[in-house]
1. Could you tell me which residue of region 126-177 is nearest to Leu200 (Cα to Cα), considering only residues that are hydroxyl-bearing (Ser, Thr, Tyr) and either surrounded by 14 or more Cβ atoms within 10 Å (Cβ to Cβ) or without any contact (Cβ under 8 Å) to a residue 24 or more places away in the chain (or both)?
2. Give me the pairs: first residue in region 100-119 and within 17 Å of Ala168 (Cβ to Cβ), second residue at pLDDT 80 or above and basic (Lys, Arg), beta-carbon distance under 7 Å, and six or more apart or on different chains, which are they?
3. Do we have Arg155 as in a loop (DSSP other than H, G, I, E, B) and of a type outside the set (S, T, N, Q) here?
4. Of all residues in region 11-31, how many are surrounded by 18 or more Cβ atoms within 10 Å (Cβ to Cβ) and either among the charged types (D, E, K, R) or closer than 17 Å to Leu76 by Cα (or both)?
5. Going through region 35-80 one residue at a time, which ones are part of a helix (DSSP H, G or I), over 25 Å from Gly178 (Cβ atoms) and not acidic (Asp, Glu)?
Amino acid sequence: MSIAGWAPGEGPRDKLLERGEGALSDAELLAVLLNTGHRDCSALELSHRLLGQFGGLAGVIKADRRRLLACPGVGLAKYAQLRGALELARRQALQAVCVGDVLSSPGETRRFLQYHLGTRSREVFSCIFLDSQHRVLRCEDLFLGTLDGAAVYPREVAVRALQYSAAAVIFAHNHPSGVAEPSSADRRITERLCAALGLLDIRVLDHIIVGSGRAFSFAEEGLL
């Protein structure tokens with residue numbers, strides 16, 4: 001049954017329109033996005049099944065294409081809707097990072113990185129390259145890893161920074177485990193990156209680790 005098939009005032013869509021999106025549960029919001037269910041299963045019932053199977057909304061978002069498409073009622077169209085919604089949120093967050101192309105605030109930066117990295121099932125090391133006025137030149141995923149980590153090479157980071165004529169950088173990576181605390185390896189690579197870029201007069205403004213629902217800032221903790 002599609003969302004349109006609900007009796008007036010009963011469905012998630014009507015609830016959203018009457019009371020706002022904040023009034024909806026995770027399952028109801030997911031149902032609005034999916035729009036249709038599967039055979040005798042409504043969109044809301046399908047949403048509950050997906051949330052139960054993947055351990056909540058974060059699990060649904062992190063699930064790869066193969067696992068989602070294996071779920072009855074989730075075809076290519078619904079998979080595309082889910083990924084498209086996530087990308088819209090990521091791009092909106094990226095725009096909020098920049099006000100007149102200038103890095104706006106640490107809070108907005110963390111919010112963008114949560115969208116950008118928080119849904120990845122593998123570890124990803126990203127870098128935001130900035131000019132001397134802290135205008136964003138580029139955000140790039142530099143290294144991709146397994147579930148356990150990503151190999152980071154300071155020389156390649158330095159080459160990229162020089163390529164974009166960056167005066168400053170912000171590093172970020174995710175912990176698929178959900179724990180945002182830095183490991184000893186995270187601390188060591190941060191020291192190596194700071195040393196390598198310091199020789200080029202490129203400032204490291206922060207290294208942010210993204211976990212489940214929170215982020216750890218090396219700068220805020222006085223570790224840079």
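1. As a first pass, look at region 126-177 and keep what is hydroxyl-bearing (Ser, Thr, Tyr): 126, 132, 146, 153, 164-165, 177.
Among the residues that remain, those that are also either surrounded by 14 or more Cβ atoms within 10 Å (Cβ to Cβ) or without any contact (Cβ under 8 Å) to a residue 24 or more places away in the chain (or both) are: 126, 153, 164.
Numbers: Ser126: 19, Tyr153: 16, Tyr164: 13 Å.
Going through the qualifying residues, I end up with Tyr164.
2. Asp101/Arg135; Val102/Arg135
3. Spelling it out, it is not the case that Arg155 is in a loop (DSSP other than H, G, I, E, B) and of a type outside the set (S, T, N, Q).
4. 5
5. Ala43, Leu44, Leu46, Leu76, Ala77, Lys78, Ala80
The values are calculated or read from the model by the stated rules, or taken from the named source; none is laboratory data. Small disclaimer: the values here were computed from a predicted structure and weren't measured. Every residue, glycine as well, gets a Cβ built from its backbone with ideal geometry; the counts of neighbours run over all protein chains shown.
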